[in-house]
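To start, the structure under review is shown below, and the notes come after it.
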Amino acid sequence: MSRLLLSLLLCAVGIAQAATQSVEPGVFRALNAAQLAQQQGDYAAARRALDGAKARPGSLEQALLWRSRGYLAWAQGQNVQAIDWLDRALASGTLDAESQANERLNLARLNLIERRYARVVELLAPGQADAGEDALQLLAQAYQGQGQAAKALPLAERYVRANPRAADSWLQFLVAVNAELERYPAAERWQRHLLARKPDDSRQWRQLAALQQMAGGYAKALATLRAAQAKGLRFSAAELDNLVALAGAAGQPWQGAKLLSGMLESGLLGNSDQRQERLGLFWWQARERARAAQVLRPLAERSGRGELWLQVAQLELEQGHWQAGLAALSRAERAGSPGSKVRAWRQWAESELRFERDNRLASRG
């Protein structure tokens with residue numbers, strides 16, 4: 001709902017409430033005139049109507065004028081001023097219980113827009129036991145804005161359990177917050193609820209696979225992608241590459257290597273030198289040096305890139321394969337790798353070889 005429409009509706013509600021209470025006729029006329037002007041977009045006329053009304057300090061009329069000024073400011077996008085006027089109206093203590101509840105909720109909306117999360121909590125937390133959907137959602141967002149996702153979570157869960165047909169936004173919120181807290185099984189469970197609602201939406205399948213990957217379940221993630229493919233759903237190469245990249249971002253190179261190799265073997269992703277290089281580097285980061293060398297050596301042979309030959313040399317030398325490592329260093333040097341790097345690795349390898357030879361001689365003597 002647009003800010004203007006919302007403020008007009010709330011202003012109309014205020015007029016209707018004023019009509020049911022004993023309000024001084026001059027103030028009532030001013031409130032009505034301001035409402036009509038605001039509906040026509042004539043904010044200056046609305047302000048003049050309110051400015052011309054007089055009310056006793058501490059009276060209901062004064063609170064109603066403050067409230068109308070607040071909604072006028074809100075309609076004009078002046079949120080800070082709107083908060084000030086509505087705060088005054090609420091603090092006056094002259095509004096009836098229904099009006100107080102409405103103003104508290106609208107003040108929370110405005111404060112959330114302005115990222116005044118502590119104020120939203122102050123307004124809504126005392127009544128959260130009986131809060132409705134709007135209040136629960138605002139309070140949950142405020143807790144998240146304060147970096148207190150753990151406090152937001154039970155509010156959202158409470159609402160969704162009480163309302164099985166809650167909007168998708170509630171389920172998405174539960175998925176996001178559980179993932180933020182690294183509660184991946186719970187995030188996956190709520191994501192499956194979303195998937196049940198939209199079984200033909202490839203984004204939901206991809207999100208499920210991402211959560212499984214983040215939880216370290218590369219096999220489950222791959223099975224999810226294959227199941228989606230079997231349903232006739234397709235993923236772009238960029239989407240799948242990004243899913244693999246999650247493993248690197250999460251510090252899970254072994255999982256990333258297994259997921260990527262599974263995608264390549266199953267045909268979910270097309271093979272390319274770039275993906276082979278990523279696969280090799282994943283294995284290397286996972287300290288699976290033999291596997292990394294098996295992937296990177298053919299790539300270096302095909303491309304002739306000095307950088308790749310240097311990586312192969314490092315992998316071989318780290319495994320103690322001195323001759324293979326030194327041969328790869330020579331290939332790297334011929335391909336244009338920086339001489340200083342090649343010399344440093346060669347000197348290290350030769351010193352290790354001398355150390356091993358000296359040890360063998362000493363043991364024979």
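The values are calculated or read from the model by the stated rules, or taken from the named source; none is laboratory data. Since this is a predicted model, take the numbers as computed values, not measurements. Every residue, glycine among them, receives a Cβ derived from its backbone with ideal geometry; neighbour counts consider all protein chains shown.
For the subset of segment 65-87 comprising residues that are hydrophobic (A, V, I, L, M, F, W, C) and out of contact with any Leu (no Cβ under 8 Å at 6 or more places or on another chain), which member is nearest to Ala44 (Cα to Cα)? The selected residue is Ala73. Each residue in segment 110-151 was checked for being of a type in the set (Asp, Glu) and in contact with a helix residue (DSSP H, G or I) (Cβ under 8 Å, 6 or more places away or on another chain), and 3 of them qualify.
Reported count of residues in segment 172-194, each being without any contact (Cβ under 8 Å) to a residue 24 or more places away in the chain, surrounded by fewer than 20 Cβ atoms within 10 Å (Cβ to Cβ) and part of a helix (DSSP H, G or I), is 6.
Can you tell me which residues in segment 203-218 are of a type outside the set (S, T, N, Q), surrounded by 14 or more Cβ atoms within 10 Å (Cβ to Cβ) and in a helix (DSSP H, G or I)? Talk me through it step by step, then tell me what you get.
Keep residues of segment 203-218 that are of a type outside the set (S, T, N, Q), which gives 203, 205-206, 208-211, 214-218.
In the following step, the residues that additionally are surrounded by 14 or more Cβ atoms within 10 Å (Cβ to Cβ) were identified as 205-206, 208-211, 214-218.
The answer is Trp205, Arg206, Leu208, Ala209, Ala210, Leu211, Met214, Tyr218.
For segment 130-150, the criterion of being aromatic (Phe, Trp, Tyr), assigned to a helix (DSSP H, G or I), closer than 23 Å to Asn102 by Cβ and modelled with pLDDT of 90 or more is satisfied by at least one residue.
A Cβ distance below 6 Å, combined with a sequence gap of six or more or placement on separate chains, defines the contacts here; from segment 337-361, residues that are more than 23 Å from Gly304 (Cα to Cα) reach residues that are surrounded by 12 or more Cβ atoms within 10 Å (Cβ to Cβ) in the pairs Leu353/Trp322. Answer yes or no as to whether Ala82 is touching a Gly at 6+ places or on another chain (Cβ under 6 Å), surrounded by 14 or more Cβ atoms within 10 Å (Cβ to Cβ), closer than 23 Å to Gln141 by Cβ and at pLDDT 90 or above. Answer is yes for this residue. Candidates in segment 337-365 are the residues that are over 52 Å from the mean Cα position of the chain (by Cα) and of a type in the set (S, T, N, Q); of these, the one that is farthest from Gly320 (Cα to Cα) is Ser363. Pull up segment 53-64, narrow it to residues that are touching a helix residue (DSSP H, G or I) at 6+ places or on another chain (Cβ under 6 Å) and free of Cβ contacts under 8 Å to residues at least 40 places away in the same chain, then point me to the one that is farthest from Ser99 (Cα to Cα). Filtering first and then ranking leaves Ala53. If you go through segment 211-246 and keep only what is more than 19 Å from Gly280 (Cα to Cα) and β-branched (Val, Ile, Thr), you end up with just Thr224.
Tell me, yes or no, whether segment 152-160 has at least one residue that is closer than 20 Å to Ala245 by Cα, surrounded by 14 or more Cβ atoms within 10 Å (Cβ to Cβ) and either under 13 Å from the mean Cα position of the chain (by Cα) or modelled with pLDDT of 90 or more (or both). Talk me through it step by step, then tell me what you get.
Residues of segment 152-160 that are closer than 20 Å to Ala245 by Cα, as a first pass: none.
Checked segment 152-160: no residue is closer than 20 Å to Ala245 by Cα, surrounded by 14 or more Cβ atoms within 10 Å (Cβ to Cβ) and either under 13 Å from the mean Cα position of the chain (by Cα) or modelled with pLDDT of 90 or more (or both).
Based on this model, can you work out whether Ser340 counts as closer than 25 Å to Ser236 by Cα and of a type in the set (Ser, Thr, Tyr)? Against the criterion (closer than 25 Å to Ser236 by Cα and of a type in the set (Ser, Thr, Tyr)), Ser340 does not qualify.
Of all the numbered requirements in (1) crowded, with 18+ Cβ neighbours inside 10 Å; (2) touching a Leu at 6+ places or on another chain (Cβ under 9 Å); (3) part of a helix (DSSP H, G or I), Gln229 misses one, and that requirement is (1). Would you say Asn271 is part of a loop (DSSP other than H, G, I, E, B) and within 25 Å of Leu281 (Cα to Cα)? Considered against the rule, which asks whether it is part of a loop (DSSP other than H, G, I, E, B) and within 25 Å of Leu281 (Cα to Cα), Asn271 comes out as yes. Within segment 41-61, does at least one residue satisfy the condition of being acidic (Asp, Glu) and within 19 Å of Ala135 (Cβ to Cβ)? No: segment 41-61 contains no residue that is acidic (Asp, Glu) and within 19 Å of Ala135 (Cβ to Cβ).
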